[in-house]
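Just below is one structure, and these are the notes that go with it.
The values are calculated or read from the model by the stated rules, or taken from the named source; none is laboratory data. What you see is a predicted model, and the numbers here were worked out from it, not measured in a lab. All Cβ positions, even for glycine, are placed from backbone atoms using ideal geometry, and neighbour counts span all protein chains on display. Surface accessibility is based on the protein's heavy atoms, side chains included, excluding ligands, DNA and RNA. Shrake-Rupley method; radii C 1.70, N 1.55, O 1.52, S 1.80 Å.
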Number of protein chains: 2
Amino acid sequence: MRTRPLKVALLGCGVVGSEVARIMTTHADDLAARIGAPVELAGVAVRRPGKVREGIDPSLVTTDATALVKRGDIDVVVEVIGGIEPARTLITTAFEHGASVVSANKALLAQDGAALHAAAERNGKDLYYEAAVAGAIPLIRPLRESLAGDKVNRVLGIVNGTTNFILDKMDSTGAGYQEALDEATALGYAEADPTADVEGFDAAAKAAILAGIAFHTRVRLDDVYREGMTEVTAADFRSAREMGCTIKLLAICERSKDGASVTARVHPAMIPLTHPLASVRGAYNAVFVESDAAGQLMFYGPGAGGSPTASAVLGDLVAVCRNRRGGATGPGESAYADLTVSPMGEVVTRYHISLDVADKPGVLAQVATVFAEHGVSIDTVRQQGKDGEASLVVVTHRASDASLSGTVEALRKLDTVRGVASIMRVEGE
Amino acid sequence: MRTRPLKVALLGCGVVGSEVARIMTTHADDLAARIGAPVELAGVAVRRPGKVREGIDPSLVTTDATALVKRGDIDVVVEVIGGIEPARTLITTAFEHGASVVSANKALLAQDGAALHAAAERNGKDLYYEAAVAGAIPLIRPLRESLAGDKVNRVLGIVNGTTNFILDKMDSTGAGYQEALDEATALGYAEADPTADVEGFDAAAKAAILAGIAFHTRVRLDDVYREGMTEVTAADFRSAREMGCTIKLLAICERSKDGASVTARVHPAMIPLTHPLASVRGAYNAVFVESDAAGQLMFYGPGAGGSPTASAVLGDLVAVCRNRRGGATGPGESAYADLTVSPMGEVVTRYHISLDVADKPGVLAQVATVFAEHGVSIDTVRQQGKDGEASLVVVTHRASDASLSGTVEALRKLDTVRGVASIMRVEGE
């Protein structure tokens, strides 16, 4: 007796979806062997039905995604449309009509993860989304399964390939932001409108998802502090080099020292050249995880692209199909710890501050007094002066973001401080 | 109504076992929340019952491991004894008496993985062993689940921390092998008898396990070519530097170009300094995976030690407990591809060969002729001579190991070749 095939509905057939369909076809025998039953592409929902899609039976193509997820005979819905709607409604409808779901939709998961997980659980179905964070890099599964017996304290990640490409280019060539962005655009690493990447929205969505899983706590997109990397200058890279550092756009999810609260944030930061994340080049992604028992782990690989993302989607598809055949479901949302998500002001880290100051006696004493009054302890100061102007580079010890903000506000009010050229957090030490 | 606790029997209470017991106690609430039911340490089998074991109820301690696994009320047996027997019999007995098994036993898995998987499947139980390869680094789960929809072509790993510590020390200080080994021993990174590590036995067991999972093919320990790193010299490191390389002891599992066969091997090799594995320092482990769709991935972290290994064991424990509550089992052995495991002679790679030769005209021509006769194409030659003696350093293009062996055998017969100083494979390009 032949085993009943598992039916898969594909929502979206762009860069990722077409690759998922291609691999499902070309590797059908392997997938069947690994699942224990064949998988069958039962329908493909697209926006433009007329487009020629190589290797996809035209009779499977439909523009009516809702009807497809409502068919009732679909085992797994693969959602690679992206965006909030109609993806959200389609996924919820899929659960209600008996399907499990594999999604690559970071924006949706970051915004409505809790509701989607609840819908999956209510209907006894799986929701898997390895592809939503860092493309092909196995990260969701290691965090929610491999480290399920450990206590994660920190996740530090380069989770956006576009910005890493730009920053790497600035670092290696001395180029400015605009020049590096132009090259990224020309090479296809940046979109025509790069806002989601360079302003950190994409990374913030991933940070929310990672923090939620790592800390067993719901972290909403609004909880994530976000600062883009468009203000990073060639001068910042020179300053970083002088400290033995480079600059990366990092997603940082941290548990507080007392363990009672967590924070999630995205911003450019200096990290030591000796840190494993410092050598992550080009459009690659990497995520560094620190936990009580395992210590320091790093996961590295391509964070985007059709094939890599399809690899993650198909890994989930195999898992969900296996679960379905075994009459089981995988791990659902784990938010039992329900820790407080603290605002940015409570984040404690070090800072690198460049000030333009008047080149006259007593300025350093004035500046140092302001830091002291706000409880921010100075690690090193470097003073450079010429022609009546000078710059002061201050690197602090660990202090709260609120204290640092207070310090900077007060510094701006000093007559002798002509401007705050840059403020950069120092991480990964 | 309180959920029935899951009962865990711990076999072995050494460095790893005691850490597993400690975390099970101190993180009991977290584990219960993540599993959905409490886990209870129901028995601990040890060799020396008199030893004081902090935090473990003495009434749980027994020397009769067989009786413990036969109790019938045990849900999961955690085996951290190591070695072949009695571990093998205890695991098999555990399956027969209704328990699933989490093991950290690389030697046993490499030698008898197929039989153990069969026993698990026969009894409808789980066999998990994340801790058997590369300690805390999630690797088994990503390979057998995250990449289940992809085609892995190559696994290149630093999977032994002791030898990486020694080689890193040689590289960074110019020390010889013995000096670096002595330091590793003094610091506790090498055992009193370092044979299993430095001769590559430990890495070979891990290579067999990784190759089996990566290629869905049974790879036995005997199938793995093994060459230790005791012959690596400070001169080899100098040669490596001249090529822009360093030297690592690598476990390499490869699919042949035509896809029909695979090889697994462990030996020291030169890799470019730009390769992500080159910067893996000290006793850390890292595994580089190349697959069709995902591309290049790397997993990095501590490869040994009580806490890191316990992290991996507990991740498996949580997964197995969840499966058990859901009435399901995780993925079992996947050996359906059943590819041919080819011998070392069929491996194709590049070679760096140092020859001591007579410093007279015509030697290079003679040597080059031997390479040509064996079909091994030369990439570069560097000749250095003084006082009637000279050295020739030859770097080849890709050639089969059999051709290279034939070449070296013929070179040794030349009157003008006084000795073959070293042969080192060049990987990761």
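Observations on the structure shown:
- A single member of B:177, B:128 is of a type in the set (Phe, Trp, Tyr) and either more than 14 Å from chain A (Cβ to nearest Cβ) or surrounded by fewer than 24 Cβ atoms within 10 Å (Cβ to Cβ) (or both), and it is B:177.
- Residue check, residue B:251 within 25 Å of residue B:196 (Cα to Cα), assigned to a strand (DSSP E or B) and out of contact with any helix residue (DSSP H, G or I) (no Cβ under 8 Å at 6 or more places or on another chain): no
- The set of residues from segment A:180-220 being open to solvent by less than 30 Å² (accessible area, probe 1.4 Å) and outside any helix (DSSP H, G or I) comprises A:190, A:194, A:200, A:216, A:217, A:219.
- Strands (runs of 3 or more DSSP E) enclosed by segment B:352-429 - at least 3 residues per element that are out of contact with any Ser or Thr (no Cβ under 8 Å at 6 or more places or on another chain): B:378-386, B:417-426
- Within segment B:275-296, being at the interface with another protein chain (Cβ under 8 Å from one of its Cβ atoms) and either among the basic types (Lys, Arg) or open to solvent by 20 Å² or more (accessible area, probe 1.4 Å) (or both) holds for B:276, B:279, B:292, B:295, B:296.
- From the options A:328, A:310, residue that is of a type in the set (A, V, I, L, M, F, W, C), without any contact (Cβ under 8 Å) to a residue 12 or more places away in the chain, surrounded by 17 or more Cβ atoms within 10 Å (Cβ to Cβ) and within 14 Å of chain B (Cβ to nearest Cβ): A:328
- Just one of the numbered conditions (1) more than 10 Å from chain A (Cβ to nearest Cβ); (2) touching a Leu at 6+ places or on another chain (Cβ under 7 Å) is not true of residue B:299: (1).
Residue-wise test of (1) closer than 18 Å to residue B:305 by Cα; (2) assigned to a loop (DSSP other than H, G, I, E, B).
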{"site": "B:108", "(1), (2)": "no, no"}
{"site": "B:113", "(1), (2)": "no, no"}
{"site": "B:131", "(1), (2)": "yes, no"}
{"site": "B:149", "(1), (2)": "no, yes"}
{"site": "B:163", "(1), (2)": "yes, no"}
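- Selection of helices (runs of 4 or more DSSP H) fully inside segment A:14-70 by the criterion of at least 3 residues being among the small types (Gly, Ala, Ser) and under 32 Å from the mean Cα position of the chain (by Cα) returns A:15-26.
- Pair list, Cβ under 6 Å, 6 or more apart: segment B:350-376 residue more than 17 Å from residue B:424 (Cβ to Cβ), other residue open to solvent by 10 Å² or more (accessible area, probe 1.4 Å) and in a helix (DSSP H, G or I): B:370/B:410; B:374/B:403; B:374/B:406; B:375/B:403
- Qualifying residue in segment A:359-366 (condition: open to solvent by less than 40 Å² (accessible area, probe 1.4 Å) and either within 14 Å of chain B (Cβ to nearest Cβ) or over 30 Å from residue A:114 (Cα atoms) (or both)): yes
- Filtered residue count, segment B:155-174, keeping only those that are within 14 Å of another protein chain (Cβ to nearest Cβ) and open to solvent by 10 Å² or more (accessible area, probe 1.4 Å): 3
- Members of segment A:351-365 found to be of a type in the set (Val, Ile, Thr) and out of contact with any Lys or Arg (no Cβ under 8 Å at 6 or more places or on another chain), listed by number: A:353, A:363
- For segment A:49-70, taking the residues that are more than 30 Å from residue A:125 (Cα to Cα) and open to solvent by 80 Å² or more (accessible area, probe 1.4 Å), the one that is modelled with the lowest pLDDT is identified as A:52.
- The lone exception for residue A:121 - which of (1) open to solvent by 30 Å² or more (accessible area, probe 1.4 Å); (2) over 19 Å from residue A:329 (Cβ atoms); (3) touching a residue at least 60 places away in the same chain (Cβ under 8 Å) it fails: (2)
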